[in-house]
Structure formats: structure tokens, C-alpha cells
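Asker: Attaching a single structure in C-alpha cells format; questions to follow.
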Amino acid sequence: MDLGFQKGSRSPMGSLQAERGVCTSELMNNLPPLQTKARRREDVVISVAGGPCDEDSQAAAAVAANAEEPEEEQPLTPLGRMFLEPELELFGLCTIGFQNLVDLPQLKQTLRNTLLQNKYFSSIVRKNKRGCPTWVHTEVDIDLIVFEPTGISKADMAAPDFVNNYVAELATAPPIPYTRPLWECHVLNGTTSGNAPAHIVFRIHHCLGDGIAFMSLLFASTRLTANPEKPPPIGCRSRTPPPPPQEQQQLTLRPSVVKSIRKMLIFLWNTVCAIAYLLATLLFLQDSNTVLRGCSRRVEREQKRLVRMTIDMDDMRIVKKAVGGTLNDVLLGMVDASLKRYLQTHSNPAVEKLRVRAIAMENVRKSGGLQELPAMMEKGSKVRWGNCIGFWIFPFSLKQFSDPLEHVRAAMKVSDRIKASLGGRFTFWVGTVLAYCGVPTLTKLLTWREITQTTLLVSNLPGPAEQIMLGGNPILHMFPVVAGIPQSFCLYMQSYCGKVTLVVMSAKHIIPDPEIIIQFCFDALHEMKKAAVSLTR
């Protein structure tokens, strides 16, 4: 389906004639000198006078109260500069399905008083006198950023796969020009996908922040459907367990010292092994050439296919409890089983001999999961806004197990070893140091090399456990994808309101049937659940 992104008309996408990558370099080199005025605090609107719903005013006040006053010259973060490089210019696409049709004027007012109060969403990128990209506040034309695409018939809009196809085509659309804020919102009214009559698709440049940052901002702009006066609760997970009571510390002092030394040695060994594995992958260790792996250098520009499936989180919890793991372990076990089956059905019977690995993203903030927006916007915060992500490489076993739960246990062994190391943080530190030294291109090359040496990317984003609404419109479902990753195959998981949405996006000419992979994931979970239930009997 051709959505006409390249052909002009109403959509701002059509005004871009440059190809991906060329647009980035030309715009960045021809930017005018930095000329701006800092926005005054009294210019920030924190309420919606005469607005359509009270929760908009409360959400606006919550976001605006934490909006920092932008400076005249604020440089991009180190990893943010890396995402401006043409070969690794990434865009996050977050699709949200609503219970009711979207009122476009109301949505614009809601976003004007919530997302636009974040300094990054109301700024453009300029090069300063030293040639460094900086954030510069600008007056935002909300009509250019939030819009309904034209030229799409009602019949096409009502097609079951329209939203999936729209997001897939948006994933290969030209970049947003640097002459305006690096985000936009597409409004799709009259859809039928997922029983939602309306969807919006946020397209956000990755230099603005990572998935945790954007989701935290989005949820600060929403309210609970059951209680419109309350924001959704955000459960921040501490990475360090609370210390035991003092009397218990005294009773277990000697054993704890021995255990601490043992844990420290294991931690150091795992870190050394993780760093060596990353270096080996960087230099020579690459995945097997299978039907899953793209050989094209420009695979991120290839036409995409996107499929998704909603599953019950309780099914994953049953498996998680049976093996004593996490939801991430269950997800990786499902992917392991589905990839094994897919490869076996595509002329690769000896799958155990194949090397198939995934890039898995890691949030390196002190607290895991979503964050409270005030904490993220504080200066010097340890859970700060931005791109605070590293990555590690996960090898799949692809073994034939008689017990389906062994796929999860095999994933647990690997993930436990990776988590008990600094491998993910090491990639973040190296990228940050190199970018601080003025060589974001080298950071990009190293990251690009690590990604292209593997087969796929796996990502998991947490969501609220209760239903939320944006601008008074209840949200039925949501799912994220990332456009521009040099992989032919990416798998995403988004939890929301007791459900999990699995999304597979693939390069169409390499994996033309991603619906088979996602069905194999569902079948694997069903078999794991049956095995887990039988253990409890």
C-alpha cells in the first residue's frame, strides 16, 4: 500500500525531496547561525483555560512544572549526537489506539500544554559557532506537527492491516527536517485495527531521548480512566535491594562477607567475559548467514512489513513463576523456540549449529523501568532524561528440547550471567566518552558494526497496569517500533493494562512472512503454559 509520503499534498512528509541520510548531512551543514531568545517562565502555559476536560489542565501543570528553562545554547547529549549521524539516524514510532475518535483541535491543545512544555519537544537543532549541534527553543507551529494525512480513502483506512502498513511505510519515510522540532504526530480516524476507531502515531527522533524517557513523558501527560484526577502510577524498580535490618546484619555478618566476595569475583569475571565477547563481535565474530539475516548494507531503507499480536500477560506470568525467572526471560525463551522452528521450516534442519544472536537494549539508569518525570528533569539526576541506554548481545541456543520450559531456562542462564556484569554499561560508557571527545562518528561506526554482526534486535518496554487516557480519550492499546536500525528483523514487546503486544517488523524482501514468526512465538508460549500448569498438578 502506497501512502504517498513521497508525493506531497497535506502531509509534511511529502515536502522532503532528499533521500534518507543525504537530508541529514545537507541540512546540518547549511543551518543558519544560532539566533534565539530564551523562553521566559511566564510564557509557559500550564493550564487549559476553557479546555474540554479538567485532566488536560492537571496533566499540563504536571509537565510544565517540571519543564526546565532552556538556555541559549544547550548541546545535545553525547549519544544524541550519535543519532544525528546518517547511517544511524533512528526514529521511534509509538502507535496508540483510542476508544473514541480523536478530536484534532483538542489533541493539539493537549499536546501544546503537555509535550510542548518539555524543552526538547519545543526546540530545534542548530550548530553553534564551534560546529556542535545544540538545542535552540523555537515557536512551534502545532498544525505542522500534528495532522491528519490526506489522500487516504475511508475503505483503505478501515482495512484490518491499515495501521500496521501505515507504520511500516512511515518507518522508511525521509527524515524530519532540522528546521522544525524533531517529532510529529499522525492522526488516523476511522480505523478498525485492534477494535480501535482511531489511532495516533508519534514519530520522534531518537536524539530527543530513549523509549523510557518518552514513555515517562507520555504517561505524565495522561490520567487514569477510572480516576481522571490521578496520573498513572509508575513503579520504578531499584537495582539494589534494600539492606536487611541491623540485627539481621549482625547475625549474618561472616557468611555475608564470604558471599559478597564470591559475588564480586563472579561479577568481575562476567564483566571481563562480556567485554571480550563484545570485542570479538566487533572484530570478527558474526552470525551465520540465514534467511533471517539481511546482507544488504542499506537494509534499514528497505520496505518493511509489520505484524503484531496481543497476548495475555497472565500466561507469561504462569511460565515465569514455573521457572523462577522474569518476563524478559519468558520473552527470550519464546523467541528462541520460534526462531528454531522458523529456521527448520526454511531449509535449515541443523539449526543447533547456527549462530543467531540478538541485540538487547539495557536501561542504564539507577532505577529500572519508567521514571517519575520530575526526577528525570532535575539537573544532575541519576535517572536523567536523554539516551541512557547500553546494549548487550544475547546468543540463542536453538536446541531441540523435549520440555518447552527448557527454552526459558536456557535464556535465564544467559541473561543472569549478562545481568551480573557491566557489559551493557560498558557500551554506554564507551559511546559517551568517544562522543564527549568529539568523535560521535566513531561511536556510530562501532555501534553500527556491533548491530550488523548480529541477526535481530529485541526490545521490551513496560507500560501502566491500569487503563489511561490522553485528552479525555481512553487508550485501548499501544506499541512501539524503531525505524532506521540496520537489521532485517526486530521484535518488540509492550505491556499495557494486563496485556502484552508483540510486534515484529522485518525487511520485506528478506523476511516476507513475519506473521509466521509471531505465530510461532504465540504457539511456543501456549506450549510453555501447558508445561508450567502440569508442573503444579
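Asker: Could you list, in sequence order, the residues of region 108-132 that are aromatic (F, W, Y) and under 16 Å from D143 (Cα atoms)?
Answerer: At the first step, the residues of region 108-132 found to be aromatic (F, W, Y) are 120-121.
Within region 108-132, F121 is the sole residue that qualifies.
Asker: Also, quick follow-up: For region 191-211, how many residues are in contact with a Gly (Cβ under 9 Å, 6 or more places away or on another chain), open to solvent by 20 Å² or more (accessible area, probe 1.4 Å) and at pLDDT below 90?
Answerer: Here is the first cut: in region 191-211, the ones in contact with a Gly (Cβ under 9 Å, 6 or more places away or on another chain) are 191, 193-200, 202-211.
Right, trim to open to solvent by 20 Å² or more (accessible area, probe 1.4 Å) and you get 194-195, 197, 206, 211.
Then keep just the ones that are at pLDDT below 90; that gives 194-195, 211.
So the count comes out to 3.
Asker: If you don't mind, there's one more thing I want to ask. List, please: which pairs have Cβ atoms under 9 Å, are six or more places apart or on different chains, and start with a residue in region 179-202 that is of a type in the set (K, R) and end with one that is in a strand (DSSP E or B)?
Answerer: From region 179-202, the pairs are R180/I124.
Asker: For region 206-227, name all the residues that are under 12 Å from the mean Cα position of the chain (by Cα) and outside any helix (DSSP H, G or I).
Answerer: Result: G209, D210.
Asker: Failed condition for R203, given (1) over 25 Å from T310 (Cα atoms); (2) of a type in the set (D, E, K, R); (3) not in a helix (DSSP H, G or I), with all others met?
Answerer: The number of the failed condition is (1).
Asker: Of all residues being open to solvent by 10 Å² or more (accessible area, probe 1.4 Å) and under 17 Å from A159 (Cα atoms) in region 170-190, which is modelled with the highest pLDDT? Just the residue, please. Give the derivation first.
Answerer: Taking region 170-190 and keeping what is open to solvent by 10 Å² or more (accessible area, probe 1.4 Å), we get 172, 177, 179-180, 189-190.
After this cut, where a residue has to be under 17 Å from A159 (Cα atoms) as well, the list is 189-190.
Values: N189: 94, G190: 91.
Only one residue fits best here, namely N189.
Asker: Among the numbered conditions (1) crowded, with 21+ Cβ neighbours inside 10 Å; (2) over 23 Å from T172 (Cβ atoms); (3) aliphatic (A, V, I, L, M), tell me where L442 comes up short.
Answerer: It fails just one condition, (1).
Asker: Shifting gears a bit: Could you say whether any residue in region 326-333 is touching a His at 6+ places or on another chain (Cβ under 9 Å), at pLDDT 90 or above and open to solvent by less than 30 Å² (accessible area, probe 1.4 Å)?
Answerer: Our first condition is that a residue be touching a His at 6+ places or on another chain (Cβ under 9 Å); within region 326-333, this holds for 332-333.
Restricting the remaining residues to those that are at pLDDT 90 or above gives 332-333.
After this cut, where a residue has to be open to solvent by less than 30 Å² (accessible area, probe 1.4 Å) as well, the list is 332-333.
Checking region 326-333: at least one residue is touching a His at 6+ places or on another chain (Cβ under 9 Å), at pLDDT 90 or above and open to solvent by less than 30 Å² (accessible area, probe 1.4 Å).
Asker: Say whether the condition of being surrounded by 15 or more Cβ atoms within 10 Å (Cβ to Cβ) and within 14 Å of R317 (Cα to Cα) is met by at least one residue in region 508-519.
Answerer: Scanning region 508-519 turns up no residue that is surrounded by 15 or more Cβ atoms within 10 Å (Cβ to Cβ) and within 14 Å of R317 (Cα to Cα).
Asker: Filter region 95-119 for residues that are open to solvent by less than 30 Å² (accessible area, probe 1.4 Å), at pLDDT below 95 and touching a Pro at 6+ places or on another chain (Cβ under 8 Å) and give the result.
Answerer: Within region 95-119, just K119 meets the criteria.
The values are calculated or read from the model by the stated rules, or taken from the named source; none is laboratory data. As the structure is a prediction and not an experimental result, all values here were calculated from the model. Virtual Cβ from ideal backbone geometry, glycine too; neighbours counted across all protein chains shown. Side chains are part of the model used for accessible areas, which takes the heavy atoms of the whole protein and leaves out ligands, DNA and RNA. Shrake-Rupley method; radii C 1.70, N 1.55, O 1.52, S 1.80 Å.
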